[in-house]
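The values are calculated or read from the model by the stated rules, or taken from the named source; none is laboratory data. From a predicted model like this one, the values you see are computed outputs, not experimental measurements. When we count neighbours, we look across all protein chains shown, and the Cβ atoms used for this are built from the backbone with ideal geometry, even at glycine.
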Amino acid sequence: MAEAFELSKPDMAAIVLQSALPTSVLDSGLRVVFANAAFCKVLGQTADQLIGRDIFEIFPLSEDLEADFREKYQSSFDGKVTRSVIVPYGYHTHDGQAVQRYWQTTQEPLRDAAGNVGHIVQRVQDVTHLVSLQKSNDFVTAELDHRVKNLVTVILA
């Protein structure tokens, strides 16, 4: 049987720092208290520019989406791992070209030694490739449906 062990806070921070996924830690006020290099790179800001800011100031959302995210965050503070809906975002490359991407977040409770959730860890994943595959699949399905209907019409005629 595997033996359980505890990681120290510096060990946990080192793991999060090394993550290739953009990762941040939010406090109960939904303010960023930690951001790894990948998170900073996506936003084009330093950790010092992000720490202390409200997550919805960093990622402004529509009222409906913000309400959905707040619900997910609350569930994570209640001890559950949650995943957001897929959200589009746009940004400009270094040469000024506009780019449209899609992302999805996962929120996990971060417990203290007593087991209480004091923070949540949020990982951001670029899922643009999945959205593209879904669009392609939808197109092929619609085209197939159209051709089958045409074939049935020809046979009935």
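What the table shows:
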| item | result |
| --- | --- |
| Some residue of region 130-153 being over 20 Å from LYS41 (Cα atoms), in contact with a strand residue (DSSP E or B) (Cβ under 7 Å, 6 or more places away or on another chain) and of a type in the set (Gly, Ala, Ser) | no |
| All strands (runs of 3 or more DSSP E) inside region 25-122 with 3 or more residues being crowded, with 18+ Cβ neighbours inside 10 Å | 32-35, 98-111 |
| Residues satisfying the stated conditions in region 15-51, i.e. without any contact (Cβ under 8 Å) to a residue 40 or more places away in the chain and touching a Lys or Arg at 6+ places or on another chain (Cβ under 6 Å) | VAL32 |
| Residue list for region 87-123, restricted to those being at pLDDT below 90, under 16 Å from the mean Cα position of the chain (by Cα) and aliphatic (A, V, I, L, M) | VAL87 |
